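Inspection log for the structure reproduced underneath, given as structure tokens.
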Amino acid sequence: MNMINLKNKICIVTGSNGNIGKSICNKLKQSGALVIETDIKKSSKTKNFYVQADISNYEDINRFYEIVKKKYKKIDILINNAGYVALNETNKNTFYNKKYLDVNLDGSLNLIEKFLPLIKKSKSGSIINIGSIYGFLAHDKSLYEGTKMITPIAYGISKGALIQLTKLLASKLSPKIRVNCVSPGGIYRNQPKKFVKKYIRKTLLNRMGREEDVSNAILFLSSDLSHYITGQNLIVDGGYSLT
């Protein structure tokens, strides 16, 4: 159990106000980590350290970096959890919307580049990106038939690029810093029953994902249990991608 002890580890979690973000932060804190949280919205809750920032805005990233640098001499773990997806867009925006790349890809890349000097000061630096099964799978159109849900192509493009970025950075930053990706399948969000039923039918473990399924994988990649793992895309989809 000492190998999953994150005491004295300083972690950054972007998108910390979201459902998965909150779960990640709780897991890390329970394991002893000091968590620096950031999100685009103001936070009304008391947190260890929270900075409001829009990671698609390079000026915000610079400001965020300067605030953190004044307080901490290193960063051990950077978790690029912030992401953009809009399931109620009009059809004209489902093919391409630059905001997907601005947040999901460019935001993560710019944040890594900016905080790299602090991550290099860690004895066990780790960067974890959050991809998606739609970063390497095409949509199954039959799942969405009879619902108002849409399948933004730009989302899959941005996540596919993020998975490739993970591999390239793992090579570039080795052996000092590990870089991995977690790609979740569908997370239950009170989707239409028709969609959920069809989705579960395609999933080997017979259920949709939960927030803790993702945060448990991230905790593993944050800990010394994964100290010989880098450049990997850990698929957390209950076996959906095998069907």
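The values are calculated or read from the model by the stated rules, or taken from the named source; none is laboratory data. Because the structure is a prediction, the values reported are computed rather than measured. When we count neighbours, we look across all protein chains shown, and the Cβ atoms used for this are built from the backbone with ideal geometry, even at glycine. SASA here: full protein model, heavy atoms, side chains in, ligands and nucleic acids out. Shrake-Rupley method; radii C 1.70, N 1.55, O 1.52, S 1.80 Å.
Taken together, Ile55, Ile79, Ile67, Ile61 contain a single residue that is under 24 Å from Ile157 (Cβ atoms), in a helix (DSSP H, G or I) and at pLDDT 95 or above, which is Ile61.
This table checks each residue for (1) modelled with pLDDT of 95 or more; (2) surrounded by fewer than 19 Cβ atoms within 10 Å (Cβ to Cβ); (3) at negative phi; (4) not in a helix (DSSP H, G or I).
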| position | (1), (2), (3), (4) |
| --- | --- |
| Val35 | yes, no, yes, yes |
| Lys45 | no, yes, yes, yes |
| Lys92 | no, yes, yes, no |
| Gly107 | yes, no, yes, no |
| Ile112 | yes, no, yes, no |
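Of the residues making up the range 114-136, those that are within 18 Å of the chain's Cα centre (by Cα), over 24 Å from Gly18 (Cα atoms) and part of a loop (DSSP other than H, G, I, E, B) number 0. Scanning the range 230-240 for residues that are open to solvent by 30 Å² or more (accessible area, probe 1.4 Å) and either under 28 Å from Lys202 (Cβ atoms) or at pLDDT below 95 (or both) gives Gln232, Asn233, Leu234, Ile235, Val236.
For Val214, the conditions (1) open to solvent by 80 Å² or more (accessible area, probe 1.4 Å); (2) within 14 Å of Ile235 (Cα to Cα) all hold with the exception of (1).
For (1) over 24 Å from Val196 (Cβ atoms); (2) among the hydroxyl-bearing types (Ser, Thr, Tyr); (3) in contact with a strand residue (DSSP E or B) (Cβ under 6 Å, 6 or more places away or on another chain), each residue gets a yes or a no:
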| position | (1), (2), (3) |
| --- | --- |
| Lys98 | yes, no, no |
| Gly107 | yes, no, no |
| Leu118 | yes, no, no |
| Ser122 | yes, yes, no |
| Ala138 | no, no, no |
| Lys159 | no, no, no |
| Thr166 | yes, yes, yes |
| Lys172 | yes, no, no |
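Suppose we keep only residues that are among the charged types (D, E, K, R) and not in a loop (DSSP other than H, G, I, E, B) within the range 1-31. Which one would you say is surrounded by the most Cβ atoms within 10 Å (Cβ to Cβ)? So, considering only residues that are among the charged types (D, E, K, R) and not in a loop (DSSP other than H, G, I, E, B), the one surrounded by the most Cβ atoms within 10 Å (Cβ to Cβ) is Lys27. Scanning the range 190-211 for residues that are open to solvent by 40 Å² or more (accessible area, probe 1.4 Å) and touching a Leu at 6+ places or on another chain (Cβ under 7 Å) yields a total of 2. Suppose we keep only residues that are charged (D, E, K, R) and either within 20 Å of the chain's Cα centre (by Cα) or at pLDDT below 95 (or both) within the range 141-189. Which one would you say is most open to solvent (accessible area, probe 1.4 Å)? Here the answer is Lys148. What are the pairs, 6+ residues apart or on separate chains, where a residue within the range 195-207 that is over 8 Å from Leu143 (Cα atoms) has its Cβ under 6 Å from a residue that is modelled with pLDDT under 95 and outside any helix (DSSP H, G or I)? Listed pairs, sorted by first residue: Lys202/Thr243.
Pairs linking a residue in the range 213-234 that is among the acidic types (Asp, Glu) to a residue that is open to solvent by 60 Å² or more (accessible area, probe 1.4 Å), with Cβ atoms under 6 Å and 6 or more positions apart or on different chains, are Asp224/Met3.
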